[in-house]
Amino acid sequence: MPSLELIVEATAVMLILMLISIRAGFVDPGGLFSSFIIGYSIYVFGGRLFFVPLLVFYVVAGLMTKLRYEEKRLKGVAEEKLGARGWRNVLANGCVAATIVYISSCTHSIPRPEFLAAYLGAVSTAYADTLATEIGLLYPREPRLITSMKPVPTGTPGGVSPYGTAAQLLSAFTIVPATALFLPKGYDAATFLNLLAIVLLSSFLGSTFDSLIGATVQAVYRCERCGKVTEKRTHCNAEAKHLKGFRYVDNNVVNFVATIFGATIAYALVHFGLIPLEIV
């Protein structure tokens, strides 16, 4: 069971973070509530080791969503509500990670390396995908569809760009140091590099899988007012025309499935000894 000290610490930190989130406009009211539930659960059941990587994702992703927002808005690809994320987006990106932490805490008093790896695989996949999207939207040319490498309009599900790919890879170099600082036994160069390899592989493969799903089965629409191809059912305050994909597979469903994939890759890398990881 979590200690009283950890519960108090988690409560204080999450309340401060929520106040900052309101001020910065990272989430809307529904997103604020779901962010608190997920963040608090991870902090209480996983401690700083699990919470700090999530914190890095939350803050950096929020800032990148706001980055050159007006430019994204003029392109018609910016997040709605001035970039404030809703509860569906928060749950899609965080519920797999929260579930892993809860299972880990219920089955072992000390986290097993496989569970830490799986957790980081889920978080880093969501993180890499978010940065790839938000930074990729600033690419001055048209992205290319991952399945055919043909140019597609900016904002098309499954579109990839050099900016987005660089962001995918660089995201690991922010989340791994934050994790390594809180490893129970500390870390040496080998542990750090192995952790970096796990996060690089799982996040890159997970976010790439996200793009593949986006290009093949995610619902795609066309706004009949401005002609923009979009993943949103409504655009320009009107219902958009369905072009392809399954209507029930939206970006949130894709994100959820991708985090499962990223977590599975990371778990397998450690469980089968492909990349050793010792944390105690």
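Throughout, read-outs are computed from the coordinates displayed, never taken from laboratory work. All values reported here derive from a predicted model rather than from experimental measurement. Every residue, glycine as well, gets a Cβ built from its backbone with ideal geometry; the counts of neighbours run over all protein chains shown.
Things to note:
- Fully extended contour minus Cα-Cα distance, from VAL59 to LYS241, at 0.36 nm per residue: 62.1 nm
- Looking at the range 176-280, the chymotrypsin sites (Phe, Trp or Tyr not before Pro) that sit in a DSSP loop and have at most 13 other Cβ atoms within 10 Å of their own Cβ are TYR248, PHE272.
- Stretchable slack from PHE192 to SER109, in nm (0.36 nm times residue separation minus alpha-carbon distance): 27.6 nm
- Put simply, the C-alpha atoms of the range 162-275 give a gyration tensor, and the ellipsoid matching it has half-axes of 37, 15, 11 Å, longest first.
- The range 185-226 versus the range 1-79: alpha-carbon centroid distance in Å: 19 Å
- Backbone N within the range 52-83 under 18 Å of label point (7 Å from ILE20 Cα along the Cβ vector): 52-67
- Point-charge dipole on Cβ atoms (K/R +1, D/E -1) for the range 4-271, about Cα centre, debye to 20: 780 debye
- Directionally averaged shadow of the range 218-259, computed from the convex hull of its alpha-carbon atoms, nm²: 2.8 nm²
- Here is the size of the range 91-142 from its Cα atoms: Rg then Dmax, 14.9, 50 Å.
- Where the alpha-carbon atoms of the chain are placed on the principal axes, they occupy 57, 40, 30 Å, in descending order.
- Exposure proxy shown here: for LYS241, LYS228, the number of other Cβ atoms within 10 Å sets the order, fewest to most, as LYS241, LYS228.
- Charge dipole of the range 1-141 (Cα centre as origin; +1 on each Lys and Arg Cβ, -1 on each Asp and Glu Cβ, all else neutral): 360 debye, rounded to the nearest 20.
- What you get for the range 174-280, charging only the Cβ of Lys and Arg (+1) and of Asp and Glu (-1), is a dipole of about 580 debye around the Cα centre.
- With kT/(6 pi eta Rh) evaluated at 25 °C and eta = 0.890 mPa s, and Rh the Kirkwood radius from Cα pairs, the range 61-169 diffuses with a coefficient of 159 µm²/s according to Stokes-Einstein.
- Over the chain, Cα pairs under 8 Å with separation of 6+ residues give a relative contact order of 20 percent.
- Taking the convex hull of the alpha carbon positions in the range 134-216 and averaging its projected area over all directions gives 5.9 nm².
- Highest-fluctuation residue, ILE22, ILE42, ILE100 considered, GNM on the chain with Cα pairs under 10 Å: ILE22
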